[in-house]
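Single-structure report; data block below.
The values are calculated or read from the model by the stated rules, or taken from the named source; none is laboratory data. Predicted, not measured: the structure shown is a model, and the values here were computed from it. Glycine gets a Cβ as well: all are built from the backbone with ideal geometry, and neighbour counts include every protein chain shown. To get the accessible areas, we keep the full protein, side chains included, count just its heavy atoms, and leave off ligands, DNA and RNA. Shrake-Rupley method; radii C 1.70, N 1.55, O 1.52, S 1.80 Å.
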Amino acid sequence: MKSREAIWALGAMSGTSLDGVDAAMLRTDGVDILEFGEARYRPYSDAERDVLRAALGQWPGDKDVEAASEGVETAHAALLTGFSGAELVGFHGQTLAHDPGGRGTHQAGDGAVLADILNIPVAWDFRTADVAMGGQGAPLAPYFHFACAKFIDLDAPVAFLNLGGVGNITYVDPRAEGPTAQEALLAFDTGPANAPLNDLMQSRLGKPLDKDGALAAKGRVDDECVATFLKSPYFYKIPPKSLDRNDFPDLLTSLSHLSDADAAATLVACIAASVVQGMLQLPDAVSQLLVTGGGRKNPSIMAALAQALTIPVLPVEEVGLDGDMLEAQAFAYLAVRVLRGLPTSGPTTTGVKAHIGGGVISRPGNEGGAQRGISKLGAASVKPSN
């Protein structure tokens, strides 16, 4: 295989909102996006979601992790076996715990198991190397966001906002030579997004989410709760920075005195306020905010963002991208970068001190065992031109 030959990769993502697994095909050489392919979604069942919730915050060896890992592998295998033509799979796994600077990062699911099931090489364990070298291990989509900005021919700085369980933002200057250029990217987690809203709905009403933002639209925002939320030291830390799903454990408790509708409306206001705080930390003004992830389907969230900002706030579909599948596509793209030994994170995306490539390649039948990405073993030797 030629080093810059484009291949079809299949990416899979299961986010902290615990809704299900996204999978998408992408043809890329690890630098440019050449073509988007088939995409599919498999929701978690209530029982599967309960197993994952029980394991949140746990680390390898803890009591609920094995069941969660088996569930993640089973769900991914069921979805990914329906695709054909992929030469490589990018498997993120399900984040159970994330503590950069502490215990590290933990994603449930074994890529070697999937490699044997699918009979295709699998790139996985994308975050560990970054965290081990002092990075935040998140967010990991920015290099792909840069490629997206090039693919849609943007010529001015733009911000991509992913509203999954946690919100994260990527500043992209598509005029830069490549994603490793100093001025090309800045990325960080903005704050809680769908995770606390979904948890509120589940705990109070037994529903997985506030469909169409209908409940929040009926409620009134408690401004005092929002002001207290914004006092968190996290919002004043200099990026890059990242969050775990449960890093604001008192948020729901602070809303316990509110009605269901008022609590939902206040959470939406908190989400929007955290994004506004994040926008203030970008290095330059951006032409538009392109929103991806499940949050873009919540009209209450989108309206709150539009009201708070003076730039266009658009779902990424408005520029020809797929907001349901952007994260899965990102891990297809990153998988090819791992295969080619290209960087997957750097100082302005995760805060790691050098441009490094994370990830492990597991091949069917354990041929040669798991192979670490070239740049993970020799970060200093990676050329920053790509």
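Could you list, in sequence order, the residues of the stretch 339-360 that are within 23 Å of A6 (Cα to Cα) and either open to solvent by 10 Å² or more (accessible area, probe 1.4 Å) or free of Cβ contacts under 8 Å to residues at least 60 places away in the same chain (or both)? If you could, list the steps in order and put the result at the bottom.
First, pick out the residues of the stretch 339-360 that are within 23 Å of A6 (Cα to Cα): 339-345, 355-360.
Hits for the stretch 339-360 are L339, R340, G341, L342, H355.
One residue alone among T348, T310 is more than 28 Å from P100 (Cβ to Cβ) and not aliphatic (A, V, I, L, M), and that residue is T310.
Report yes if T310 is touching a residue at least 24 places away in the same chain (Cβ under 8 Å) and assigned to a loop (DSSP other than H, G, I, E, B), otherwise no. No: the conditions fail for T310.
Listed by position, the helices (runs of 4 or more DSSP H) contained in the stretch 181-270 that have at least 2 residues being crowded, with 24+ Cβ neighbours inside 10 Å and either in contact (Cβ under 8 Å) with a residue 12 or more places away in the chain or not polar (S, T, N, Q) (or both) are 194-205, 214-218. Criterion applied to E48, E66 was being without any contact (Cβ under 8 Å) to a residue 12 or more places away in the chain, closer than 28 Å to N366 by Cβ, open to solvent by 30 Å² or more (accessible area, probe 1.4 Å) and out of contact with any strand residue (DSSP E or B) (no Cβ under 6 Å at 6 or more places or on another chain), and the one residue passing it is E66.
Please verify whether the stretch 309-319 includes one or more residues that are more than 23 Å from M201 (Cβ to Cβ) and open to solvent by less than 10 Å² (accessible area, probe 1.4 Å).
The first filter runs over the stretch 309-319 and keeps only residues more than 23 Å from M201 (Cβ to Cβ), leaving 309-314, 316-319.
Those left that are additionally open to solvent by less than 10 Å² (accessible area, probe 1.4 Å): 316.
Within the stretch 309-319, one or more residues are more than 23 Å from M201 (Cβ to Cβ) and open to solvent by less than 10 Å² (accessible area, probe 1.4 Å).
Scoring R42 on the criteria (1) closer than 25 Å to L118 by Cα; (2) loosely packed, with under 14 Cβ neighbours inside 10 Å leaves a single failure, condition (2). For the list (1) at pLDDT 95 or above; (2) out of contact with any Ser or Thr (no Cβ under 8 Å at 6 or more places or on another chain); (3) closer than 27 Å to I356 by Cα; (4) not aliphatic (A, V, I, L, M), I need the number of the one condition that G320 fails. Result: G320 fails condition (3) only.
Checked against (1) in contact with a Pro (Cβ under 6 Å, 6 or more places away or on another chain); (2) under 23 Å from S14 (Cα atoms); (3) surrounded by 22 or more Cβ atoms within 10 Å (Cβ to Cβ); (4) not basic (K, R), I301 passes all but condition (1). Scanning the stretch 1-54 for residues that are outside any strand (DSSP E or B) and within 18 Å of F144 (Cα to Cα) returns R4, E5, A6, G15, D29, G30, V31, D32.
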